[in-house]
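A quick write-up on the structure given underneath.
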Amino acid sequence: MISEEVENRIARYFFHHYLPTNVMEELESLLLPHFLEDDEPSADEMVKMAINYIDEALTE
């Protein structure tokens with residue numbers, strides 16, 4: 001089993017190199033407002049929201 005750090009770095013590489021630009025921009029627009037609020041959002045909620053958006057965007 002690979003370490004979480006290695007897994008995160010691999011995921012980050014693919015996230016930034018292979019997602020279409022328009023999907024990245026829309027994803028940032030979707031998530032950014034949540035991080036500008038006073039209370040930091042739940043990481044689990046943000047990941048779920050991002051995964052749902054990416055799945056929908058890539059199947060269109």
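Data for the structure
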| read-out | value |
| --- | --- |
| Count of residues meeting criterion [without any contact (Cβ under 8 Å) to a residue 12 or more places away in the chain and either in a helix (DSSP H, G or I) or open to solvent by less than 100 Å² (accessible area, probe 1.4 Å) (or both)] in the stretch 29-60 | 16 |
| Some residue of the stretch 17-28 being surrounded by 10 or more Cβ atoms within 10 Å (Cβ to Cβ) and of a type in the set (Ser, Thr, Tyr) | no |
| Subset of the stretch 2-16 [part of a helix (DSSP H, G or I), more than 16 Å from Val47 (Cα to Cα) and either among the small types (Gly, Ala, Ser) or open to solvent by 100 Å² or more (accessible area, probe 1.4 Å) (or both)] | Glu5, Tyr13 |
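The values are calculated or read from the model by the stated rules, or taken from the named source; none is laboratory data. Source: prediction; values computed, not measured. So basically every Cβ, Gly included, is an ideal-geometry build from the backbone, and we count neighbours across all protein chains shown. Surface areas here come from the heavy atoms of the whole protein model, side chains and all, with no ligands, DNA or RNA. Shrake-Rupley method; radii C 1.70, N 1.55, O 1.52, S 1.80 Å.
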